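To start, the structure under review is shown below, and the notes come after it.
The values are calculated or read from the model by the stated rules, or taken from the named source; none is laboratory data. Treat the numbers as computed from the prediction; the structure is a model and nothing was measured. Here the Cβ is made from the backbone with ideal geometry for all residues, glycine too, and neighbour counts use every protein chain on show. When the accessible area is computed, the model is the full protein with side chains, heavy atoms only, and any ligands, DNA or RNA have been set aside. Shrake-Rupley method; radii C 1.70, N 1.55, O 1.52, S 1.80 Å.
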Amino acid sequence: MKYFRIAAVAIAALIPLAAHSADDFPARDIQFVIPWNAGGSNDIAARQLQNIMQKQSDVNLIVENVPGATGSIGMTRVARSAPDGYTVGMGTSSTLAQIAQKLTPLQNDQFTPIARVSVDPLILLVPENSPASDLKGFLEYMKKNPGVSIGTPGTNNLNHIFAEMTARAADTSYINVPYTGGAKVIIDLAGNQIQAAVLKPSESKGQIDAGKVRPLGVFANERLEVMPDIPTFKELGYDVFPFGPLVQMAYVVAPAGIPEEARAKLITLFSKAIESQEFKSFADQNGVVISPLNGEDLTKEINDVQNTLNSVAAQVFKKD
């Protein structure tokens, strides 16, 4: 009877703690998995949110870089984590492209969408000493020199799709050089290890400002406010969306099945940080577009982007 009384007391003690933990979420640090190398656009944005959230809500985000397989390794870590809200990850359109081509076992229903961080345009860049001074000249150079190397963070993703579309605009072949993150791409581009790259403004602006690389064209329908002198492919007569519009976005997800209380709190914490003036200023300076979505609205957007990629990727990467 003594042992039963002890057990009963122990269980009784745990009941209020369980209720208390739900009300007080988060009661400890939150692991934020970034499935790319440090120094890339998603890593930079995550560390901005880390600082802002600490100041706003006294919540510690522990950023962990888990690169590999175009984001799939890190996102698998998130999907397999305990569904308690204490592990989240940075999902991207690159992972959606992997899902579209069945290059990863991941599925979107393994995640709980929290909040969209950004919508990022992509740009074509070359080293500063490239023989081509503008987009038209580069496409002509590609046509005369088949096998030009174009670096991308990952493979079979949006960056890779636009590298393919660049080669199609030049009506020639090229060599795709995939990396585990944008930070490594921009270093090799500035060092003339590759002849071109498809990257986000946020991961290349420093090297552009330093005169190490030169942007040639934007894969979008409108010019970038932060880099208004860069023409779009469209205005120069090159269609990079022949199979449908594409959007490169980054968004926070948790594992499927987290408690609704934890999801609601995560949505509040991340949305407050993303929509803060400090993050907006960071976005404006780096060519990042903030377009807030969260919860079920984000779930719908992810599904819509997935459906588009299912169609586009099959056309771009179809095997002859």
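Straightening the chain between residue 168 and residue 317 buys 52.4 nm, computed as 0.36 nm per residue apart minus the Cα-Cα spacing. Using heavy atoms of the protein chains and a probe of 1.4 Å, the accessible area assigned to residue 44 is about 50 Å². Split the chain at each of the trypsin sites (Lys or Arg not before Pro) in a DSSP loop with at most 16 other beta carbon atoms within 10 Å, and the longest piece is 103-222. Potential lengthening of the chain between residue 210 and residue 223 amounts to 2.5 nm, from the contour at 0.36 nm per residue minus the alpha-carbon distance. Largest accessible area first, the listed residues 164, 203 line up as 164, 203 when surface is computed with a 1.4 Å probe on the assembled protein chains. Modelled spin-label separation between residue 80 and residue 134, with each label point placed 7 Å from Cα along the Cα-to-Cβ direction: 5.2 nm. Annotation: lysines with alpha-carbon distance below 26 angstrom to residue 300 (same-chain offsets under eight excluded): 102, 200, 265, 272, 280. Global size of segment 212-320: 17.5, 50 Å for Rg and Dmax (C-alpha atoms, Rg to one decimal, Dmax whole). The length gained by stretching the chain between residue 235 and residue 28 to full extension, at 0.36 nm per residue less their Cα-Cα distance, is 69.5 nm.
Taking square-rooted eigenvalues a ≥ b ≥ c of the alpha carbon gyration tensor, is the chain rounded, prolate or oblate, where a/c under 1.5 means rounded and, failing that, a/b exceeding b/c means prolate? Cα axes put the chain in the prolate bin.
Magnitude of the charge dipole for the chain, about its Cα centre and with charges confined to Cβ atoms of Lys, Arg (+1) and Asp, Glu (-1), is about 720 debye. Here segment 86-153 is assigned +1 on the Cβ of each Lys and Arg and -1 on the Cβ of each Asp and Glu. Its dipole about the Cα centre then comes out at about 180 debye. Once C-alpha pairs closer than 8 Å and six or more residues apart are averaged by separation and normalised to the residue number of the chain, the relative contact order reads 26 percent.
When the square roots of the Cα gyration tensor eigenvalues are ordered a ≥ b ≥ c, the ratio a/c for segment 20-145 is 1.5 or more and a/b exceeds b/c, which makes its shape prolate. Here residue 212 is the anchor, and the aspartates and glutamates within straight C-alpha reach of less than 12 Å, apart from those fewer than 8 places off in the same chain, are 128, 188. Only protein atoms count toward the accessible area here, which uses a 1.4 Å probe; on the chain, the carbon and sulfur part of that area reaches 53 percent.
Relative intensity of segment 197-261 on a log10 scale, I(q)/I(0) at q = 0.16, 0.17, 0.28 Å⁻¹, equals -0.67, -0.72, -1.35, per a Debye sum over C-alpha point scatterers of equal strength in the absence of solvent.
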